[in-house]
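Here the structure is laid out as structure tokens; the discussion comes afterwards.
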């Protein structure tokens, strides 16, 4: 099994004709993701050429992508100025899962979009996230396909390349994954650690979950409590930003220690107090996962 | 992006918030001239992107124009939390009857603009939230409807029992929400909001942080950026579309991805070293970006060794290697450079780097440990 995306995923790509959108659509198709539609307003009626000669229809609206091509998932590669609008359009179209890769969306736009998406009962992953990959089944977003392999580990992370680093090390050690989820580096995200944990918690094949957090906010602290109260399998953790100074944004819009809140220390402590062993460096994640699986 | 108090006050005034007059001076003479113009006692306030200005001696009451000049002399050029004061705001002193706090920020948990008000003004709101949370009234604004009149009044009625004052405060709270959204802010604060003996409610301080992601569509706000308040390296980083934060150590770091960049800094510390910076070079192999990154890192005289940590996922390692080779050929770099590359086409990349005479690695631990060993004292 897997969470969020699998063999049943029928994907519409919003912004398929853009530079990033077209590049990553080919990557997703090469990985085996079923891309059923592209959406670019004004380019409806054209087609997008897949890597093996497939022809993907392009529509003007998400509504058409759902009605005519049967999309049930969308991914957003639309520029920041229009991304919140694209997310809300996707929520209105009836897809139940939306992945927003776009970085740099104004936070006030996202405050409105999150409320809108919640009201329509859709799940949003991101924004400012690398997306999600269920090894051997489907990938939606930009996570490189060659670093993953099927197996029993679930991965949840706020970061992109740090996730790749950790996942590549897991794969090299023979520890495959059910699904790797990048929840995003923005302060307001649609799917947080607890949401992803809940999904993994009802996935029969996930035997251990890796939580890769970073400074800023209290999402990891809440996840730690949730794990100790609800999770019936082990989790291990890593937190980036132990050397980050307070009050400075570390690349991600959400990676900032405000006052004395959101430090790596506080998050690591919350993990440890709730029975989640914490890796001191990325290489130790593999060791902790091996230990968790051998118990 | 932070804006100065006097700039935040301009934005607040434009939204209709009653803010006493005030002008900035960059010389003591100008401060004296402004004080004379206002007559009576004025306040001379350091304009710098830092809290704790009062404690640092950057806010002074001046009963006479001469004293305004003397205070300006002392404050201009002063360092507050490492930032030099280039300007002071001169503003008439007010008769303060009561002080309260009004602030709004984007709250991560409620995912919405969230107001906090307290009748305990002129204080550190974070501290009050810890020590006396009952003294704070909170309101989550639904961003789709904005601040509703009864909500603004509900907040204001916490601050004042007198309905005439509460009515004024309620209008100010609604105006603050308008200023917050129209400026594209992530935080706006009036601390303190005062009432005077004459029964007027006014904002005598103003704080505003702008969401960087708004600047592309708010050119008039973007113009408020004070380049003199920002180190050269940060300006250069922004222009090159890199994220850079200077730290105090001596191991220069250049990494693709924010999370991996933080983890690299932490690993430097793990091996007994101190990172000189956070730098996220992004997903590009563009040599121009590598040049900018190297210029920024080497502008810090503490840097003794430069460490690249690149995970090639979608970006191909050989592209990045070529970018690094091209960049280092175009500028003269003194500190030794260690490079770690892993991912797509890493063997090819290692060959390119070896041919160009670089020490190249594939393990993150190995390269960080080696970099730390190359610094003084290790």
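Just one residue in the set B:266, B:288, B:248 is out of contact with any strand residue (DSSP E or B) (no Cβ under 8 Å at 6 or more places or on another chain) and part of a helix (DSSP H, G or I); that residue is B:288. State all residues of segment B:219-249 that are out of contact with any helix residue (DSSP H, G or I) (no Cβ under 6 Å at 6 or more places or on another chain), within 14 Å of chain A (Cβ to nearest Cβ) and surrounded by fewer than 19 Cβ atoms within 10 Å (Cβ to Cβ); if no residue qualifies, say none. Scanning segment B:219-249 gives B:219, B:230, B:231, B:234, B:238, B:241, B:248. Here is a list: B:309, B:302. Which entry is surrounded by fewer than 19 Cβ atoms within 10 Å (Cβ to Cβ) and either under 31 Å from the mean Cα position of the chain (by Cα) or in a strand (DSSP E or B) (or both)? Criteria check complete, one pass: B:302.
Within segment B:105-116, restricting attention to residues that are assigned to a strand (DSSP E or B), at the interface with chain A (Cβ under 9 Å from one of its Cβ atoms) and over 18 Å from the mean Cα position of the chain (by Cα), the residue that is surrounded by the most Cβ atoms within 10 Å (Cβ to Cβ) is B:113. The condition of being buried (at least 24 other Cβ atoms within 10 Å of the Cβ), within 13 Å of another protein chain (Cβ to nearest Cβ) and under 23 Å from residue B:108 (Cα atoms) holds for only one of A:141, A:131, that being A:131. The test for being crowded, with 24+ Cβ neighbours inside 10 Å, part of a helix (DSSP H, G or I), in contact with a helix residue (DSSP H, G or I) (Cβ under 8 Å, 6 or more places away or on another chain) and at pLDDT 95 or above holds for residue B:259. Is one or more of the residues making up segment B:120-128 touching a residue at least 40 places away in the same chain (Cβ under 8 Å) and either under 22 Å from residue B:31 (Cβ atoms) or in a helix (DSSP H, G or I) (or both)? Within segment B:120-128 (the criterion being touching a residue at least 40 places away in the same chain (Cβ under 8 Å) and either under 22 Å from residue B:31 (Cβ atoms) or in a helix (DSSP H, G or I) (or both)), the answer is yes, since at least one residue qualifies. Among the conditions (1) without any contact (Cβ under 8 Å) to a residue 24 or more places away in the chain; (2) out of contact with any helix residue (DSSP H, G or I) (no Cβ under 7 Å at 6 or more places or on another chain); (3) more than 13 Å from residue B:189 (Cβ to Cβ), the only one that residue B:110 does not satisfy is (1). Somewhere in segment B:121-143, is a residue away from chain A (no Cβ under 14 Å), under 30 Å from residue B:63 (Cα atoms) and in contact with a strand residue (DSSP E or B) (Cβ under 9 Å, 6 or more places away or on another chain)? Yes: one or more hits.
Scanning segment A:268-295 for residues that are more than 23 Å from residue B:273 (Cα to Cα) and either part of a strand (DSSP E or B) or within 13 Å of another protein chain (Cβ to nearest Cβ) (or both) yields A:286, A:287. Within segment B:352-376, being away from every other protein chain (no Cβ under 13 Å) and assigned to a loop (DSSP other than H, G, I, E, B) holds for B:356, B:357, B:358, B:374, B:375, B:376. Residues in segment A:157-185 that are within 9 Å of chain B (Cβ to nearest Cβ) and not in a helix (DSSP H, G or I) were compared, and the one that is surrounded by the fewest Cβ atoms within 10 Å (Cβ to Cβ) is A:185. Among the residues of segment B:318-329, write down those that are surrounded by fewer than 19 Cβ atoms within 10 Å (Cβ to Cβ) and touching a helix residue (DSSP H, G or I) at 6+ places or on another chain (Cβ under 6 Å). Hit for segment B:318-329 is B:326, nothing else. Number of residues in segment B:58-73 that are more than 17 Å from residue B:26 (Cα to Cα) and under 29 Å from the mean Cα position of the chain (by Cα) equals 1. Restricting segment A:240-262 to residues that are within 24 Å of residue B:126 (Cα to Cα) and modelled with pLDDT of 95 or more, the residue that is farthest from the other protein chains (Cβ to nearest Cβ) is A:244. The single condition from (1) crowded, with 19+ Cβ neighbours inside 10 Å; (2) within 19 Å of residue B:51 (Cα to Cα); (3) facing chain A (nearest Cβ under 9 Å) that residue B:102 fails is (3). Segment A:1-118 holds helices (runs of 4 or more DSSP H) entirely within its bounds, and those carrying 2 or more residues that are under 28 Å from residue A:203 (Cα atoms) map to A:19-31, A:80-93. Take segment A:263-276 and flag every residue that is in contact with a strand residue (DSSP E or B) (Cβ under 7 Å, 6 or more places away or on another chain) and crowded, with 18+ Cβ neighbours inside 10 Å. Listed by number, the residues that qualify are A:264, A:267, A:268, A:271, A:276. Every test in (1) farther than 15 Å from residue A:187 by Cβ; (2) part of a loop (DSSP other than H, G, I, E, B); (3) within 14 Å of chain B (Cβ to nearest Cβ) is passed by residue A:121 save one, and that test is (3). Applying the criterion of being surrounded by fewer than 24 Cβ atoms within 10 Å (Cβ to Cβ) and facing chain A (nearest Cβ under 7 Å) to the residues of segment B:262-281, the residue that is nearest to residue A:264 (Cα to Cα) is B:266. With the requirement that a residue be farther than 22 Å from residue B:199 by Cβ and either buried (at least 17 other Cβ atoms within 10 Å of the Cβ) or at pLDDT below 95 (or both), what does segment B:147-172 give you? The answer is B:147, B:151.
For segment A:248-262, the criterion of being crowded, with 21+ Cβ neighbours inside 10 Å, farther than 21 Å from residue B:244 by Cβ and free of Cβ contacts under 8 Å to residues at least 40 places away in the same chain is met by none of the residues.
Answer yes or no as to whether residue B:208 is within 12 Å of chain A (Cβ to nearest Cβ), within 26 Å of residue A:249 (Cα to Cα) and modelled with pLDDT of 95 or more. The answer is no for residue B:208.
Residues that are touching a residue at least 40 places away in the same chain (Cβ under 8 Å) number at least 1 in the following strands (runs of 3 or more DSSP E) confined to segment B:6-101: B:23-25, B:42-46, B:88-92.
The values are calculated or read from the model by the stated rules, or taken from the named source; none is laboratory data. Everything numeric here is computed off the predicted structure, so don't read it as measured data. As a convention, Cβ positions derive from the backbone with ideal geometry for all residues, glycine included, and neighbour counts pool all protein chains shown.
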